[in-house]
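To keep things clear, I will list the structure first and then write my remarks on it.
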Amino acid sequence: MSDLLDHPVAVRSGEELDVAKLEPYLCRHFPSETGTLRVRQYPSGHSNLTYALNLGARELVLRRPPFGSKVKSAHDMGREFRALSKLHSVYAPAPEVLFYCDDDSILGAPFYVMEPIHGIILRRDLPRELDFPAEKARRLSESFAENLVRLHHVDYTAVGLSDLGRPEGYLERQVRGWIERYHGSKTHDYPEVEKISVWMRDHMPSTSTSSLIHNDYKYDNVVLDSNDITKIVGVLDWEMCTIGDSLSDLATALAYWVDPGDPEELQQNRWGPTTTPGSFTREEFVQYYAHQTHSDVSEIAFYLTFARFKLAVIAQQIYFRYYQGLTKDPRFASMPEKIQFLLCAALRGAQTDRV
């Protein structure tokens with residue numbers, strides 16, 4: 001299984017770190033380490049950037065904002081570091097952070113350093129060499145749902161994170177805010193946006209259950225044990241975590257979760273092997289979560305419509321950086337098509353009231 005571990009690669013052009021400044025800074029934190037600094041990059045992220053560092057024998061992971069981003073609130077490294085520094089002790093899958101740097105003279109932006117989490121990350125398609133029978137896919141689906149439940153049961157007040165967000169009025173603020181973010185990064189005319197915006201304003205439920213939420217929970221943000229692929233050992237990418245509506249977090253996971261019978265445009269947004277025989281369907285995922293948490297999920301279709309709209313806006317913000325020449329990452333060139341797919345799926349969900 002060692003060949004299936006998630007490995008960093010060479011740093012993308014335009015996203016290099018200033019090693020001449022970073023190396024002496026790290027050496028001051030780890031004075032006993034000898035040897036030069038080696039930097040590689042984890043290639044799959046679309047927002048905050050993640051690098052694998054080797055300082056002598058010491059392995060580290062560095063997180064920094066994307067180059068060219070104008071959305072400061074979406075890349076608050078100090079907030080992300082603070083949340084993780086308190087969360088790891090009560091929720092072991094959260095990364096163990098080491099230190100935070102707000103001195104822009106080092107890398108041109110704030111960053112933090114954490115311990116690596118080694119394991120397997122499943123992405124869109126399963127590796128050919130992975131044995132993944134239906135019973136294993138089922139157990140992984142259960143583990144994935146149970147781990148989300150475990151996060152939502154964290155006592156965020158006791159751990160000192162009650163000021164991470166305001167649960168009162170959360171959903172209304174989120175809907176309004178993401179509509180505004182779309183218009184602030186608009187490059188194309190999508191007629192679905194206005195229809196979805198009106199529908200969400202007219203059908204908004206009241207917030208039911210508040211908890212600590214991840215806000216981007218999906219298979220490729222989850223690290224699996226290399227000795228037991230149904231066991232979760234890490235959850236990554238906490239940049240959007242907050243205190244908010246638990247069902248919105250469930251719906252974000254559902255927005256990435258594609259069923260075998262979904263139309264082709266939804267298949268394009270599959271972020272894990274959720275169509276593998278044995279995996280939950282979205283409806284099974286919802287009912288499993290509801291059973292574990294005793295939640296009322298009768299309005300989950302609204303949450304899923306909003307989650308798909310939110311993902312479309314996030315993609316729009318990423319494409320906006322590319323459109324303006326602030327990043328040269330070639331993966332972003334096809335974003336308009338993906339945005340259209342997500343908006344169509346969101347509108348269809350609103351019209352059918354189904355997950």
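The values are calculated or read from the model by the stated rules, or taken from the named source; none is laboratory data. This is a predicted model, so every value here is computed, not measured. Positions of Cβ are backbone-derived with ideal geometry, glycine not excepted, and every protein chain shown enters the neighbour counts. Keep in mind that these areas ignore ligands, DNA and RNA; they rest on the heavy atoms of the full protein, side chains included. Shrake-Rupley method; radii C 1.70, N 1.55, O 1.52, S 1.80 Å.
Averaged per residue, the chain has 44 square angstrom of accessible surface, using a 1.4 angstrom probe with ligands and nucleic acids left out. Per-residue extension of 0.36 nm, minus the Cα-Cα distance of residue 189 and residue 157, leaves a gain of 7.2 nm for this segment.
Excluding same-chain neighbours fewer than eight residues apart, the lysines reachable from residue 21 by a Cα-Cα span under 26 Å are 70, 72, 328.
Principal axis analysis of the Cα atoms in the chain yields extents of 61, 45, 43 Å, listed in decreasing size.
Multiplying the residue separation of residue 129 and residue 150 by 0.36 nm and subtracting their alpha-carbon distance yields 4.5 nm.
Pairs of Cα atoms under 8 Å, at least six residues apart: use those to get the relative contact order of region 209-303, whole percent. It would help to have the intermediate numbers written out before the result.
Working: 115 pairs, mean separation 25.9, N = 95.
The normalised contact order for region 209-303 reaches 27 percent.
The modelled label-to-label distance for the pair residue 118/residue 38, using points 7 Å beyond Cα in the direction of Cβ, is 1.4 nm. At an R0 of 25 angstrom, the distance between the Cβ atoms of residue 287 and residue 267 translates into a FRET efficiency of 0.65.
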